């Protein structure tokens, strides 16, 4: 029978504090990396706090470099946070009893610093030869911590790879949208055949599946929200907003006879909505400011009929919360609504000589 007797001089408060902190950390780690519900409580708030600081730096300096590094920095911060919390909680378990660990060379109890070092070495699976657990209970706890360190490394690797893959998918969607056009008017004019906008049906069908996939990725890996690109072709929030504004224009400002298939329009609209409903997890909610209505004068100039202004304005009023949410999304990514009107992007290959 294993001797699991713990000395009477144990500090049960410190031991309980270590157990609670360990359980909280494990819950956060599991909810973040092994579930499809997004980040855990600690990770979610840590990520948002770091991003808020990076946004403040970007606004003060005018440089987008902090935001470009934000996603990778937050990922590393999440992993370090898990490691530190597990290290601290495990150290508290050993610190709770003075003679939980013994110095082999002096055959005497270890200090608090010794226990912290021992815990770190155990979590790294390296081990520390001159310090040993004193008793079966601490032997078993050491083995559990060693396995925990191995599991933490494995989870870190398995969490990083799909996040990077999902970020590539997000940027691919963004670039694909820019191939349709870079402004609301551009996209519509590029696919006007003189009678209607039926040419938009095929790209809309392609985008529907891709955006649904990204919405699920964003729900499972909310850290995706903090990957920023200063290249507007890859700036997902800008191009997705332009795409949603195109749908809004088609649904509410273009006569039904000129629209693409209603089912195609609503399929893509619902796909974008499936992404937007994940934004509250990243603490993004509709603001109080209404973004300006899209400029459609070029459409009328080219003979495209538009629904009368008052009727269209009423329709826009019904979806103002959606457009306010898009504005909040743009600002949270370090952009402004005016950046949607940045003009055309160069898709040509450009080589520079060295």
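The values are calculated or read from the model by the stated rules, or taken from the named source; none is laboratory data. For clarity, every value in this text was computed on a predicted model and none was experimentally measured. Cβ sites come from the backbone with ideal geometry, for glycine too, and all protein chains shown count toward neighbours.
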Problem - Criterion: over 33 Å from the mean Cα position of the chain (by Cα) and farther than 24 Å from residue 83 by Cβ - qualifying residue of 130, 114, 134 - result: 134
Handout entry: Failed item, numbered, when residue 184 is tested on (1) at pLDDT below 95; (2) within 23 Å of the chain's Cα centre (by Cα)
Key = (2)
Practice task
Could you tell me whether the range 240-247 includes any residue that is in contact (Cβ under 8 Å) with a residue 12 or more places away in the chain and outside any helix (DSSP H, G or I)?
Solution key: no
Handout entry: Residue that is buried (at least 17 other Cβ atoms within 10 Å of the Cβ), in the same structural domain as residue 31 (by TED's automatic domain parsing) and at pLDDT 85 or above, where the choices are 137, 204, 117, 197
Key = 137
Practice task
Return the only residue of 101, 79 being in contact (Cβ under 8 Å) with a residue 24 or more places away in the chain, surrounded by 12 or more Cβ atoms within 10 Å (Cβ to Cβ) and farther than 28 Å from residue 234 by Cα.
Solution key: 101
Exercise for the section: Tell me which of these residue 107 doesn't satisfy, since it passes every other one: (1) surrounded by fewer than 19 Cβ atoms within 10 Å (Cβ to Cβ); (2) on the phi < 0 side of the Ramachandran plot; (3) more than 34 Å from the chain's Cα centre (by Cα). Expected result: (2)
Problem - Residue match in the range 261-284 (condition: farther than 22 Å from residue 212 by Cβ, surrounded by 14 or more Cβ atoms within 10 Å (Cβ to Cβ) and in contact with a helix residue (DSSP H, G or I) (Cβ under 8 Å, 6 or more places away or on another chain)) - result: yes
Exercise for the section: State yes or no: is residue 304 closer than 19 Å to residue 191 by Cβ and in a loop (DSSP other than H, G, I, E, B)? Expected result: yes
